[in-house]
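Encoded as structure tokens, the structure appears first; notes follow it.
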Amino acid sequence: MAIQWLRCGHHVYVVSTWSGSRAACIMLYHLLLQTVKKQLAPEVLVSQLHLLHVDLNGDKNVEKAVNDLSQAASGGSLYVLIDEMGHISYMDTPKMKHIKTFCEKLLAQVPRLHLWAASCYSKNCPPSWQVEYLTRPLRSPPAVVREVEKDTIISKGVSIKKYSERGVPDHTDGPPVTRMYHEGQGHSGDWPGACITCGREVANVLHSLRVGVTENNELTTLNTVTSTTGGTTPCLQWRDVLVLDWCDVSDQSGVVKGLQEAGIPVQVMKDDEDMEDVATARSDVVWVACGDRVRGLERKVVVYLKYPNDDYFSRSNVNHTLGSFHSISRCTSQLVTVE
């Protein structure tokens, strides 16, 4: 819809409503920006597209966000996209109510409001809104889909709708999930993210996938691209890999040190500037981040560092964000879990 809105000459606002949606909204904004620059008619201007991060924590912040967007309405019309709108721990809480209040007040002030919002949680939609459920697993290969379906958040079908049939033939099952374990000689720390040995073992897996290696006579099952100049690009680039922990990671964490020792070009996502780089895959490096801060970002290779009590978080009604669902569901090829 955003492309259609832009073609009609409207200003389009991509709006992030909480910290966990920023990366997805940045990615969406840049994808739309590329389309405007490369594919749309010359009269469609880059200046028609806007990215906004709003804070909905508290009534005053909600009022400010509503007023700011209302002032941007042109002729009584406003065109808004919201991705990753809220999450399960917001449901039936003041924070979730703030999101609903924001949408309702915005509609009251802008009668010709065109607002499309996306959320994987089925209870996030304000009452009376039109809802479409997209449940076909088209992003990930069957091997990854089966792993995602094991998560209790989706298997129970309460918070997130269960997958439906893919509806198209599977040309391949995809690479099998690689499972590693934070145990045995040399391992240290309470979870994989704190362990240098786990970092080294993850590095071994990445090297075995020939990430960053360019050779004319060797292929991998993941991807090989022939360039227009006759050579080849790496079967997998470092930017194709995302390492996700359950919490914020530091440069001094064990897994980062282990990756660095093995010669992996690794960077830790720390601030908003880093987030834009991660969202656009601008730098050819392996990014390490908290999974809850990069929701919605896809990568060919996802390494998920599982917290020892992750199963508890998936079963409980508190802090589902620490479960594995968000970290593994956007893997488009090779999934690696470290438990």
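Got a sec? Which helices (runs of 4 or more DSSP H) wholly within segment 247-321 have at least 2 residues that are touching a Ser or Thr at 6+ places or on another chain (Cβ under 8 Å), modelled with pLDDT under 95 and of a type in the set (Gly, Ala, Ser)?
Values: elements: 254-261, 272-280, 310-315.
By residue number, no helices (runs of 4 or more DSSP H) qualify.
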(request) Quick one: which residue in Gln71, Gln48 is open to solvent by less than 40 Å² (accessible area, probe 1.4 Å) and not aliphatic (A, V, I, L, M)? (result) Gln48
(request) Hey, could you check segment 163-180 for residues that are assigned to a loop (DSSP other than H, G, I, E, B) and in contact with a strand residue (DSSP E or B) (Cβ under 7 Å, 6 or more places away or on another chain) and say which is surrounded by the most Cβ atoms within 10 Å (Cβ to Cβ)? (result) Gly174
(request) Inspect segment 66-81 for any residue being at pLDDT 90 or above and in a loop (DSSP other than H, G, I, E, B) and give the result as yes or no. (result) no
(request) For segment 1-16, name all the residues that are in a loop (DSSP other than H, G, I, E, B) and at pLDDT 90 or above. (result) His10, His11
(request) Only residues in segment 325-336 that are over 14 Å from Leu297 (Cβ atoms) count as the first member; pair them with residues that are assigned to a helix (DSSP H, G or I) and open to solvent by 20 Å² or more (accessible area, probe 1.4 Å), Cβ under 8 angstrom, at least 6 apart or cross-chain, and list the lot. (result) Leu335/Glu147; Val336/Val205
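Whether any residue in segment 53-64 is under 22 Å from Ile26 (Cα atoms) and either among the polar types (S, T, N, Q) or at pLDDT below 80 (or both) is what I want to check. First the steps, then the outcome.
Keep residues of segment 53-64 that are under 22 Å from Ile26 (Cα atoms), which gives 53-57, 61-62, 64.
In the following step, the residues that additionally are either among the polar types (S, T, N, Q) or at pLDDT below 80 (or both) were identified as 57, 61.
Yes, the conditions are met somewhere in segment 53-64.
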(message) Just to check your reading of the model, which residue among Glu63, Glu84 is in contact (Cβ under 8 Å) with a residue 40 or more places away in the chain and at positive phi?
(response) Glu84
(request) Can you tell me which residue within segment 142-162, out of those that are at pLDDT 90 or above and open to solvent by less than 80 Å² (accessible area, probe 1.4 Å), is farthest from Val243 (Cα to Cα)? (result) Pro142
(request) Looking for whichever is outside any loop (DSSP other than H, G, I, E, B) and closer than 19 Å to Trp246 by Cα here; the options are Gly189, Gly193. Which one fits? (result) Gly193
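Can you tell me which of Val286, Val278, Val303, Val266 is surrounded by 22 or more Cβ atoms within 10 Å (Cβ to Cβ) and without any contact (Cβ under 8 Å) to a residue 60 or more places away in the chain?
Numbers: Val286 fails: without any contact (Cβ under 8 Å) to a residue 60 or more places away in the chain; Val278 fails: without any contact (Cβ under 8 Å) to a residue 60 or more places away in the chain; Val303 fails: without any contact (Cβ under 8 Å) to a residue 60 or more places away in the chain.
Among Val286, Val278, Val303, Val266, only Val266 is surrounded by 22 or more Cβ atoms within 10 Å (Cβ to Cβ) and without any contact (Cβ under 8 Å) to a residue 60 or more places away in the chain.
Considering only residues that are outside any loop (DSSP other than H, G, I, E, B) and either under 19 Å from the mean Cα position of the chain (by Cα) or among the aliphatic types (A, V, I, L, M) (or both), which ones fall in segment 112-141? Give the steps one after another, and end with the answer.
Narrowing segment 112-141 to residues outside any loop (DSSP other than H, G, I, E, B): 112-117.
Hits for segment 112-141 are Leu113, Leu115, Trp116, Ala117.
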(request) Spot the failing condition for Asp248; the list is (1) in contact with a helix residue (DSSP H, G or I) (Cβ under 7 Å, 6 or more places away or on another chain); (2) open to solvent by 60 Å² or more (accessible area, probe 1.4 Å), and only one is missed. (result) (1)
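The values are calculated or read from the model by the stated rules, or taken from the named source; none is laboratory data. Just so it is clear, the model here is predicted, and its values are computed rather than measured. No Cβ is skipped: glycine too gets one built from the backbone with ideal geometry, and neighbour counts run over all protein chains shown. Side chains included, ligands, DNA and RNA excluded: accessible areas come from the protein's heavy atoms. Shrake-Rupley method; radii C 1.70, N 1.55, O 1.52, S 1.80 Å.
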